[in-house]
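Remarks on the structure that follows.
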Amino acid sequence: MTSTQQTPNRRLFARPGLKERRLLADALRTETVGGLMLLGAAIVALVLANTPLSDFYERVSDAHFGIAALDLDLSVAHWASDGLLTIFFFVAGIELKRELVVGELRNPAAAALPVVAAVCGMVVPALFYVAANAGTGGDMNGWAVPMATDIAFALGVLAVIGTNLPSGIRAFLLTLAIVDDLGAIMVIALFYTSKLNLWALAGAIVGLAVFWALHQKLNVRGWYIYVPLALVIWGLMHGSGIHATIAGVAMGMLLRVKTRPGEKDSPAEHIEHQVRPISAGFAVPVFAVFAAGVSVSLGDLGEAAGEPEAVGVVLGLFLGKIIGITGGTYLAARFTKAELSDDLSWSDVAGISMLAGIGFTVSLLVTELAFDDAETTEHVKAAVLIASFLSAIVAAVLLKIRDKHYRRIWEEENRDEDGDGIPDIDQREEAELAARAAREAAAREGSAGPEDDGGVSGKR
């Protein structure tokens with residue numbers, strides 16, 4: 001067993017376990033495809049907003065439909081951000097629950113490094129924004145815009161540049177994004193709620209309690225039950241004044257992530273497998289089409305460069321992320337027993353930190369929540385796109401320099417000389433899992449035996 005495997009909880013970028021790596025591969029595969037679609041959607045939005053089609057684009061975005069009596073007569077763009085994006089946050093809630101209960105975040109020693117890195121990667125960009133706007137008359141309400149990392153967009157960039165990042169780095173990046181999502185969820189719920197309807201909120205909480213009881217206690221199955229219930233919960237959450245996407249997070253975190261006897265996968269894994277493609281392939285790209293359509297003419301970019309809000313976002317994403325994540329990781333390693341995996345170096349931390357500067361989906365959502373002025377909103381959205389583009393370019397260069405080294409690690413992780421479908425490096429772990437399953441099955445049979453014959457076989 002290698003030193004990386006001996007002390008997995010104390011090493012940064014250590015190779016995850018076999019089961020965790022399989023879940024990781026499945027999640028990243030879908031997110032990578034979704035990231036490429038997200039890139040395409042952003043390009044479509046920019047083309048629509050900067051061509052003669054811009055008037056048509058604005059009319060479609062501003063077109064209203066819905067039920068006015070329920071305060072649901074919303075614009076198309078509003079439906080995309082409050083409605084479709086709830087699916088994205090539902091998947092984020094499932095990911096967060098799984099990581100907290102059965103994943104890396106359940107173990108404080110294993111979670112310490114990525115959690116500290118993610119927190120520093122949120123706080124430092126916010127401080128950059130505050131510094132850029134303090135004393136300049138800028139709107140301080142946008143401090144949370146540069147906090148978020150867009151994992152799908154980042155993976156789309158990785159797919160384009162063709163890096164072979166080892167599973168340990170990808171797992172670290174995914175954990176960063178999950179903690180980042182949790183931070184964004186808390187910020188949206190606590191700081192961007194302008195009004196509060198307690199009756200609607202109480203109704204949403206009751207709906208969530210019913211959801212939990214049906215799923216966890218009564219073991220009820222059937223989408224035809226949960227989809228209508230989810231729509232009711234979403235409508236009540238929207239009416240409460242808390243951003244409606246929080247309903248998606250709450251429902252995702254109520255799903256059961258542990259398997260029961262006789263189950264191959266937990267309900268959360270099964271549902272996530274079905275919903276993630278809808279989130280990554282439809283909901284998020286459609287949101288991007290209506291959120292990323294900003295003018296990028298030289299005049300508009302010049303105006304944005306003169307606004308402290310836009311400057312703060314660029315500095316926060318481009319500099320704040322790399323300083324915050326790299327610095328937080330170094331401090332955590334310096335004052336604990338944690339250390340880098342033997343195969344990797346601090347330049348890898350810098351590359352991933354720079355990649356985390358790609359803030360798109362949540363950053364654009366927070367922008368819409370933070371600013372009332374349409375011109376400021378447009379300029380800050382442009383700043384998010386510019387900072388994300390710069391971060392992607394620099395991250396691509398940093399990671400591409402190390403690509404040969406990453407390829408060697410990746411090939412070692414996936415070598416399968418006996419052709420049994422299991423990487424050689426995992427043979428021992430697979431054998432241990434099989435042996436453990438056999439012991440558990442034997443124990444269950446042993447405990448069931450006396451009951452089968454009335455306890456006769458247990459008599460001497």
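The values are calculated or read from the model by the stated rules, or taken from the named source; none is laboratory data. Source: prediction; values computed, not measured. Don't worry about glycine lacking a Cβ; one is built from the backbone with ideal geometry, like all the others, and counts go over all protein chains shown. For accessibility, only protein heavy atoms count, side chains too; no ligands or nucleic acids. Shrake-Rupley method; radii C 1.70, N 1.55, O 1.52, S 1.80 Å.
Things worth noting here:
- Val289 vs. criteria among the hydrophobic types (A, V, I, L, M, F, W, C), in contact with a strand residue (DSSP E or B) (Cβ under 9 Å, 6 or more places away or on another chain) and closer than 18 Å to Asp150 by Cα: no
- When Ile422 is tested against the conditions (1) surrounded by 14 or more Cβ atoms within 10 Å (Cβ to Cβ); (2) part of a helix (DSSP H, G or I); (3) modelled with pLDDT under 75, the lone failure is (2).
- Residues located in segment 208-222, provided they are touching a Phe, Trp or Tyr at 6+ places or on another chain (Cβ under 9 Å) and under 19 Å from Gly248 (Cβ atoms): Phe211, Leu214, His215
- Lone qualifier among Ala202, Ala184 - being over 23 Å from the mean Cα position of the chain (by Cα) and assigned to a helix (DSSP H, G or I): Ala202
- Counted as qualifying within segment 270-369 are the helices (runs of 4 or more DSSP H) with 1 or more residues that are within 22 Å of the chain's Cα centre (by Cα), namely 284-291, 308-315, 321-334, 346-355.
- When Val91, Val60 are checked against the criterion of being open to solvent by 20 Å² or more (accessible area, probe 1.4 Å) and either assigned to a helix (DSSP H, G or I) or farther than 21 Å from Leu231 by Cα (or both), Val60 stands alone in meeting it.
- From the options Phe287, Phe282, residue that is open to solvent by 30 Å² or more (accessible area, probe 1.4 Å) and in contact (Cβ under 8 Å) with a residue 24 or more places away in the chain: Phe282
- Residue selected from segment 377-405 under the condition buried (at least 20 other Cβ atoms within 10 Å of the Cβ) and among the hydroxyl-bearing types (Ser, Thr, Tyr), by the criterion farthest from Asp300 (Cα to Cα): Ser391
- The residue list Leu236, Leu231 contains one member that is part of a helix (DSSP H, G or I), free of Cβ contacts under 8 Å to residues at least 12 places away in the same chain and among the hydrophobic types (A, V, I, L, M, F, W, C), which is Leu231.
- Extreme residue, nearest to Gly35 (Cα to Cα), among residues of segment 259-279 that are open to solvent by 70 Å² or more (accessible area, probe 1.4 Å) and among the charged types (D, E, K, R): Asp265
- Residue check for Val157: touching a Gly at 6+ places or on another chain (Cβ under 8 Å) and modelled with pLDDT under 85: yes
- Test: residue in segment 186-203 that is modelled with pLDDT of 80 or more and open to solvent by less than 10 Å² (accessible area, probe 1.4 Å): yes
- Taken together, Ala159, Ala152 contain a single residue that is crowded, with 24+ Cβ neighbours inside 10 Å and either charged (D, E, K, R) or out of contact with any strand residue (DSSP E or B) (no Cβ under 7 Å at 6 or more places or on another chain) (or both), which is Ala152.
- Among the residues of segment 151-171, just one is assigned to a loop (DSSP other than H, G, I, E, B) and among the β-branched types (Val, Ile, Thr), namely Thr163.
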